[in-house]
Amino acid sequence: MQMDSTDRLELARFLGGAAIAVPGVVGLRGGRSGEVTEYGPGGRVSGVAVAAAAERLQVTVSIAARYSPDLDLARLAGRVRRAVQRVADERVPDTVERVDVVVVDLVT
Amino acid sequence: MNILNRVLVILFTLLVIAASSLVLAVTLELVAPQRLRVPLLSDVLEPFAELQPPPQTVAIAIAAGLLVLALVVLIAELTPPARDKKLTIKKDDLGRVTVSENGLRRLVDREAALVPGVMEARSELYESKQGLRVKSRVSVDPGSDAPQLTDQVRDRIKGALERHFGRVAEVAVDAQIEPLNRKKRRRVR
C-alpha cells in the first residue's frame with residue numbers, strides 16, 4: 001500500500017482521534033524522542049505511527065491511561081485497538097493489518 | 001525530531017565545530033590563514049589573525065563558546081535515547097499490547113498505596129525467564145501492623161498484575177516506618 005506522508009499524517013490524525021475518544025484514555029504520548037510520532041508536511045501527530053509493512057500498514061498507538069482501582073489494561077488496550085481499526089477500515093478499507101497499543105503512562 | 005531534522009542538526013553542528021575551530025586556531029596564531037591553501041577561507045580568516053586584545057580575547061571567547069555548545073548538541077544528537085522497556089500484555093494476529101516499565105511501575109505503586117496504612121510506595125520491576133519480579137518498598141503508618149500490611153500489599157500487587165497480565169509475578173515487599181526518601185532505619189519483612 002503506497003501512501004505519501006501527507007496521507008499518512010491525515011490518517012494518523014483520525015486514528016489518534018479515535019484512540020483518545022476511548023473512555024479511560026487520557027492522551028497520546030509520542031515518547032521523549034518522538035519514537036511513536038507521525039511526521040508529515042506541516043505537522044506531526046504524537047502518539048501515532050503509521051508504518052508500511054509489505055502491502056499493508058501497521059499502526060502503533062501510544063497512550064496514557066487513567067488509573068482507577070478497577071482498571072484492566074488489556075481490556076482498555078483492546079477497546080483502543082478496535083476503535084482505531086474501525087476508523088482505519090472506514091478511511092482506508094482493508095489496509096491496516098495490525099494495530100499495536102503501548103500504554104506508556106498512567107494518570108490519576 | 002525526525003531523521004531529516006536530526007541529520008540537518010548534525011551537519012550544522014559539524015559546520016559550527018569546523019568554523020569555530022578554525023577561528024580559534026587562527027586567532028591563537030596556531031595556524032596562519034595563508035597555509036590553509038583555500039583562497040576564500042584564507043580571506044575570511046585573515047582579519048582574525050590580525051586581531052589584538054581586547055577584540056582578540058572576545059573572538060576567542062565567542063569561538064570557544066560556540067565550539068563547546070556545538071559539541072554538546074552533537075553529543076546529544078548522537079547519543080541514543082534511553083529506551084523505556086516494554087512488557088507485553090497480549091499478542092495476537094491483530095497486534096501487540098504492551099505497557100512501558102515506567103507505566104507499570106506507577107500502576108504497582110498506586111495499587112500498593114491503596115492499602116490502608118500505606119503512606120508511600122516505590123517499586124522496581126525485573127523481567128526474567130521465570131517471569132515478572134517486583135520489589136516494592138513501602139512507607140507505612142507507625143500505628144499499623146507492618147507484617148500484616150506487608151502481606152496485604154503483596155497480595156494487592158499480585159492481584160493487580162494477574163488481572164493485567166494474566167500471569168503470576170513474584171512480589172517482594174519491604175515496609176518501613178520512615179518516609180521513603182530517608183535512609184532505611186527499621187525494616188520489617
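The values are calculated or read from the model by the stated rules, or taken from the named source; none is laboratory data. All values derive from a computational prediction rather than experimental measurement. Note: ideal-geometry Cβ built from the backbone for every residue, glycine included; neighbour counts use all protein chains shown. Keep in mind that these areas ignore ligands, DNA and RNA; they rest on the heavy atoms of the full protein, side chains included. Shrake-Rupley method; radii C 1.70, N 1.55, O 1.52, S 1.80 Å.
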Revision key, fill the gap. Residue A:17 fails exactly one of (1) in contact with an Asp or Glu (Cβ under 8 Å, 6 or more places away or on another chain); (2) surrounded by fewer than 24 Cβ atoms within 10 Å (Cβ to Cβ), namely (1)
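What residue, among those in segment B:154-168 that are surrounded by 15 or more Cβ atoms within 10 Å (Cβ to Cβ) and more than 14 Å from chain A (Cβ to nearest Cβ), is modelled with the highest pLDDT?
B:154
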Review point. Consider residue A:48 against the criteria (1) open to solvent by 10 Å² or more (accessible area, probe 1.4 Å); (2) more than 16 Å from residue B:92 (Cα to Cα); (3) of a type in the set (A, V, I, L, M, F, W, C): it satisfies all of them except one. Which criterion is unmet?
Key: (1)
Point to revise | Residues located in segment A:69-91, provided they are modelled with pLDDT under 90 and either open to solvent by less than 40 Å² (accessible area, probe 1.4 Å) or acidic (Asp, Glu) (or both) | key: A:70, A:71, A:72, A:73, A:74
Exercise for review: Run down A:38, A:97, A:55 and say which single residue is in contact (Cβ under 8 Å) with a residue 24 or more places away in the chain, out of contact with any helix residue (DSSP H, G or I) (no Cβ under 9 Å at 6 or more places or on another chain), among the acidic types (Asp, Glu) and buried (at least 17 other Cβ atoms within 10 Å of the Cβ).
Suggested key: A:97
Review point. Looking at segment A:77-96, which of its residues are acidic (Asp, Glu) and touching a Lys or Arg at 6+ places or on another chain (Cβ under 9 Å)?
Key: A:94
Review point. Name the residues in segment B:41-66 that are among the polar types (S, T, N, Q) and open to solvent by 80 Å² or more (accessible area, probe 1.4 Å), would you?
Key: B:52, B:57
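Scan segment B:131-153 residue by residue and report those that are in a helix (DSSP H, G or I) and either open to solvent by 70 Å² or more (accessible area, probe 1.4 Å) or touching a Phe, Trp or Tyr at 6+ places or on another chain (Cβ under 9 Å) (or both). Write out each step before concluding.
First, pick out the residues of segment B:131-153 that are in a helix (DSSP H, G or I): B:146-153.
Residues satisfying the conditions are B:148, B:151, B:152.
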Practice item. Kindly list the number of the only condition in (1) farther than 30 Å from residue A:5 by Cα; (2) open to solvent by 90 Å² or more (accessible area, probe 1.4 Å) that fails for residue B:3. Key: (1)
Review point. Taking the condition open to solvent by less than 40 Å² (accessible area, probe 1.4 Å), in a strand (DSSP E or B), touching a residue at least 12 places away in the same chain (Cβ under 8 Å) and not basic (Lys, Arg), does residue B:87 pass?
Key: yes
Check your understanding: Is it true that some residue in segment B:97-105 is open to solvent by 40 Å² or more (accessible area, probe 1.4 Å), in contact with a strand residue (DSSP E or B) (Cβ under 6 Å, 6 or more places away or on another chain) and basic (Lys, Arg)?
Key -> yes
